[in-house]
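Chemist: One structure is given below, represented as structure tokens, and several questions about it will come after.
All of the numbers you see were taken from the coordinates with simple rules; none came from a lab. The model shown is predicted, which means the values in this text are computed figures rather than measured ones. Virtual Cβ from ideal backbone geometry, glycine too; neighbours counted across all protein chains shown.
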Amino acid sequence: MDIGETIDFLRTQKNLKVSEVTTDYISRQAYYNFVHGKTHTSINSFDIMLNNLCVSYDEFVFIKNGYSLPEQDALLLEMKKTFEQKDSEKLIEISKYCLSKSSKTHTHLGYLCLLLKNRLDESSDTVTSSKLKAYLLSVATWTHYEIVLFNNSIYCFDTDTILTLMRRVMLNLEKYKSQKAFGSECFRMQVNVIITLLQRKDLNNCYRLFDDLFDMSLPQDALYERNILLFMKGLFEVIKNREVENKQVSTSLAIMETLGCTDSFNMFTSLYTYTINELIQPNRN
């Protein structure tokens, strides 16, 4: 459906009269011309109709797309699934598709796909990572889009760049704290940065980032994030006290296993094992 068709579809599904959608701002004739594709409408008119339909913009786009995700989100999910399946050839196909499009979003997703492919192959691509880095550094105020890009490409940046970009995100966090998706993505980004720096054995920066993570406020219904926070608090104690067992870590991993969160359980178990073998035992007296 196009925009006008979707507006009229929602109106009829909600049993609303045209006048209830247009109020006094839009004429009946202008409405019919718009929903039948004869004319366009202004942003103000569109906003009024959405408000009168009691539909958010994101939900409107979802319905307009036939109750499916926008292409950007669908591509990200496909890339994630393909990466987890370790299918380099499919990642190349997705990147070629994205880079064949003219939009900036497709270009960035194409870059990201190439970087994921390189990660599977354990190869580097400084040209592609530099392009993504240049874009992220050029944006003064990050939105959810930039957070997602960064969150999926952290590993390919040097530590100074990571810390610079992290500061940029944290400046916006207070403004966006009521936006659940933004807050969740920020939390996961902080966790991913800590994991990346632990793998680089950069404990000095990790300690500060642990403090920032623990200061972050999470809503009570953010159960996944709260469980990861429990794990990270335990991991911090493991590193600080150089201990090989920790109740918080064990509890968090048990929750993941009980709930069938296999990917998370495997990832954080590997992180815990790495921490013990590479960061704790070599430095124990």
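Chemist: With label points built 7 Å along Cα→Cβ from the Cα atoms of residue 170 and residue 121, find their separation and express it in nm.
Modeler: Inter-label distance under the simple model: 3.6 nm.
Chemist: Next up: When only C-alpha pairs under 8 Å and at least 6 residues apart count, what is the relative contact order of segment 218-285, in percent?
Modeler: Values: 46 pairs, mean separation 20.1, N = 68.
Value for segment 218-285: 30 percent.
Chemist: For segment 81-132, rounded, prolate or oblate, judged on the Cα gyration tensor with a ≥ b ≥ c (square roots of eigenvalues), a/c < 1.5 rounded, else prolate if a/b > b/c?
Modeler: Details: a/c = 2.39, a/b = 1.26, b/c = 1.90.
Judged from the Cα gyration tensor, segment 81-132 comes out oblate (a/c at least 1.5, b/c at or above a/b).
Chemist: Further question: Provide the FRET efficiency to the nearest 0.05 for the residue 30-residue 86 pair, computing r from the beta carbons and using R0 = 35 Å.
Modeler: Numbers: r = 54 Å, r/R0 = 1.54.
Computed FRET efficiency for residue 30 and residue 86: 0.05.
Chemist: Provide the FRET efficiency to the nearest 0.05 for the residue 250-residue 274 pair, computing r from the beta carbons and using R0 = 22 Å.
Modeler: Working: r = 17 Å, r/R0 = 0.75.
My answer for the efficiency is 0.85.
Chemist: Report the FRET efficiency, 1/(1 + (r/R0)^6), for residue 159 and residue 241, where r is their Cβ-Cβ distance and R0 is 35 Å, rounded to 0.05. Let's see the in-between values first.
Modeler: Numbers: r = 25 Å, r/R0 = 0.71.
It comes out at approximately 0.90.
Chemist: Using the number of other C-beta atoms within 10 angstrom as an exposure proxy, rank 256, 267 with the fewest first. Display every interim value, and only then the final one.
Modeler: Values: 256 21, 267 13.
With the sparsest Cβ surroundings first, the list reads 267, 256.
Chemist: Under unit Cβ charges (Lys, Arg +1; Asp, Glu -1), what dipole magnitude, rounded to 20 debye, does segment 3-64 have relative to its Cα centre? If you can, show how the numbers build up before the last one.
Modeler: Numbers: 6 positive and 7 negative charges, 45 e Å.
Value, rounded to 20: 220 debye.
Chemist: Would you mind computing, in nm to one decimal, how far apart the modelled labels at residue 188 and residue 23 are, each placed 7 Å from Cα along Cα→Cβ?
Modeler: The modelled label-to-label distance comes out at 3.7 nm.
Chemist: Further, regarding this structure: Using alpha carbons only, how many angstrom separate the centre of segment 112-169 from the centre of segment 82-103?
Modeler: 17
Chemist: Would you give the gap between the C-alpha center of segment 1-21 and the C-alpha center of segment 184-203, rounded to a whole Å?
Modeler: 46
Chemist: If you take the Cα Rg of the chain and divide it by 2.2 N^0.38 Å, with N the number of residues, what do you get?
Modeler: 1.23
Chemist: Stretched out fully, how many nm does the piece from residue 99 to residue 65 gain, at 0.36 nm a residue minus the Cα gap? Show your work: numbers first, answer last.
Modeler: On the way: separation 34, 0.36 × 34 = 12.24 nm, distance 2.22 nm.
Result: 10.0 nm gained on full extension.
Chemist: In nm², what is the average projected area of the convex hull enclosing the Cα atoms of segment 50-163? If you can, show how the numbers build up before the last one.
Modeler: Values: hull surface 34.8 nm².
One quarter of the hull surface, i.e. the mean projection, equals 8.7 nm².
Chemist: Going toward the positive end of the dipole of segment 3-64, with +1 on Lys and Arg Cβ and -1 on Asp and Glu Cβ, which of 44, 62, 32 do you reach last?
Modeler: Result: 32.
Chemist: Which values, in whole Å and largest first, are the semi-axes of the equivalent ellipsoid of segment 218-285 obtained as the square root of 5 times each eigenvalue of the Cα gyration tensor? Intermediate results must be reported in sequence, preceding the final value.
Modeler: Details: eigenvalues 105, 34, 14 Å².
Each semi-axis is the square root of five times an eigenvalue, giving 23, 13, 8 Å.
Chemist: If I model segment 1-121 as equal point scatterers sitting on the Cα atoms and use the Debye formula, what is log10 I(q)/I(0) at q = 0.13, 0.14, 0.22 Å⁻¹?
Modeler: For segment 1-121 at q = 0.13, 0.14, 0.22 Å⁻¹, log10 I(q)/I(0) is -0.64, -0.69, -1.10.
Chemist: Which angle between 0 and 90 degrees, to the nearest 10, do you get for helix 71-84 versus the longest principal axis of the chain when only C-alpha atoms count?
Modeler: 30
Chemist: In debye, nearest 20, what is the charge dipole magnitude of the chain about its Cα centre with +1 on Lys and Arg Cβ and -1 on Asp and Glu Cβ, if you could check?
Modeler: On the way: 32 positive and 35 negative charges, 62 e Å.
Dipole magnitude for the chain comes out near 300 debye.
Chemist: Next question, about the same structure. Only Lys, Arg, Asp and Glu count, each charged at its Cβ (+1, +1, -1, -1), so figure out the dipole size of segment 67-207 about its Cα centre, rounded to 20 debye.
Modeler: On the way: 19 positive and 16 negative charges, 62 e Å.
Here segment 67-207 has a charge dipole of around 300 debye.
Chemist: Is the shape of segment 3-64 best called rounded, prolate or oblate, per the rule: a/c under 1.5 gives rounded, else a/b larger than b/c gives prolate, else oblate, with a ≥ b ≥ c the square roots of the Cα gyration tensor eigenvalues?
Modeler: It comes out rounded by the Cα gyration axes.
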